[in-house]
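Here the structure comes first, spelled out in structure tokens, and everything after it is commentary.
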Amino acid sequence: ANVSLLDPATGQMRVVGTRDYEAYGVHDWMQGYQRPMTNTEYAMFCDGTQASPLVIPDTSLDARWINMPDSQWIRSFASAPIRLHGQVIGALNLDSATPGFFTAQHAEHLQIFADQAAIAIENARLYSRIRTHADELEGHVAARTAELEQERAQLQAILDAMGEGVIYDEGLQARYINQALTQLTGYSAEEYTGYLELLKSSRYSESEFAELVTQIAQQVRVTGVWKGELQLRGKNGNEFDAALVANRITAPDGQYRGMVTLIRDVSQQKRLQAQRNRFITNAAHELR
């Protein structure tokens, strides 16, 4: 037995599956064998009439039979068209070395099996197309993932190179902090669970600080930005004056996503400014 499929582009019939040709020494020859469609097959499959099975009880007595290389041993032949959506796509063929072996009843049974084979072939083709599409999607996803990973690495390098601390939050829950912030405060990224609560100075009560955080979030949500100064405390207990700039982050659909807050220690700057102010005051006094 063998299954042959028709290539519409070339009109060639190609053997795609075989069974039990080893005894006749033609197994290797049959694998992938490709040939033009014979007149008999053309009449059976492509003459515009209802495709029907074909039986040649004795090939030596039937003018329709055309001997091909290594097929002289075939003395009885049966074939049924494999049809998909009204189109013949190939044939299921049976070969026998015994004259008169196949009958019309064999052809009827063979056609039933060929119809089942058509369903299996269609399912295989559908699966192949789905698998190809899935592989293409997987390739696109892998390429996009690599692109996003590269962009993330570049952004990470930029943020870590900044001198200011950066904290990104969603719903007042820290999602990312940069290296400068860990160095500034002494807290690791894993220790940040809220927004600024971990850095609350003893200058503020719990309620006062919570109110400040709420005001920052509300203003950023409404206006897009908040700027100001707060006194914060690091992990070692040292308190410092910090200048903060919080900016709104929106999703691609325009919805509010969270905030990016820049934190800069201005304690030294304020001490220098105070020293400068004292110097100017003393100089002005001496000049008077």
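The values are calculated or read from the model by the stated rules, or taken from the named source; none is laboratory data. Since this is a predicted model, take the numbers as computed values, not measurements. Methodologically, a virtual Cβ is constructed for each residue, glycine included, from the backbone with ideal geometry; neighbour enumeration extends over all protein chains shown. Surface areas here come from the heavy atoms of the whole protein model, side chains and all, with no ligands, DNA or RNA. Shrake-Rupley method; radii C 1.70, N 1.55, O 1.52, S 1.80 Å.
Observations, loosely collected:
- Residue in region 122-131 that is at pLDDT 90 or above and surrounded by 12 or more Cβ atoms within 10 Å (Cβ to Cβ) present: yes
- Qualifying residue in region 167-181 (condition: β-branched (Val, Ile, Thr), loosely packed, with under 14 Cβ neighbours inside 10 Å and touching a strand residue (DSSP E or B) at 6+ places or on another chain (Cβ under 6 Å)): no
- When restricted to residues that are farther than 13 Å from Ile216 by Cβ and modelled with pLDDT of 90 or more, region 258-276 contains 2.
- Selection status of Leu159, part of a helix (DSSP H, G or I), hydrophobic (A, V, I, L, M, F, W, C) and either in contact with a Leu (Cβ under 8 Å, 6 or more places away or on another chain) or surrounded by fewer than 16 Cβ atoms within 10 Å (Cβ to Cβ) (or both): no
- Failed condition for Leu232, given (1) touching an Asp or Glu at 6+ places or on another chain (Cβ under 9 Å); (2) open to solvent by 40 Å² or more (accessible area, probe 1.4 Å); (3) closer than 24 Å to Asp160 by Cα; (4) modelled with pLDDT of 90 or more: (2)
- Residue that is least open to solvent (accessible area, probe 1.4 Å), among those in region 255-282 that are of a type in the set (A, V, I, L, M, F, W, C) and free of Cβ contacts under 8 Å to residues at least 60 places away in the same chain: Val266
- Qualifying residue in region 101-119 (condition: free of Cβ contacts under 8 Å to residues at least 60 places away in the same chain, in a strand (DSSP E or B) and small (Gly, Ala, Ser)): no
- Segments classed as strands (runs of 3 or more DSSP E), wholly inside region 19-96, with at least 1 members that are surrounded by 13 or more Cβ atoms within 10 Å (Cβ to Cβ), at pLDDT 80 or above and of a type outside the set (Lys, Arg): 54-56, 76-84, 87-96
- Any hit, region 134-156, residues being within 23 Å of Ala9 (Cα to Cα) and open to solvent by less than 90 Å² (accessible area, probe 1.4 Å): no
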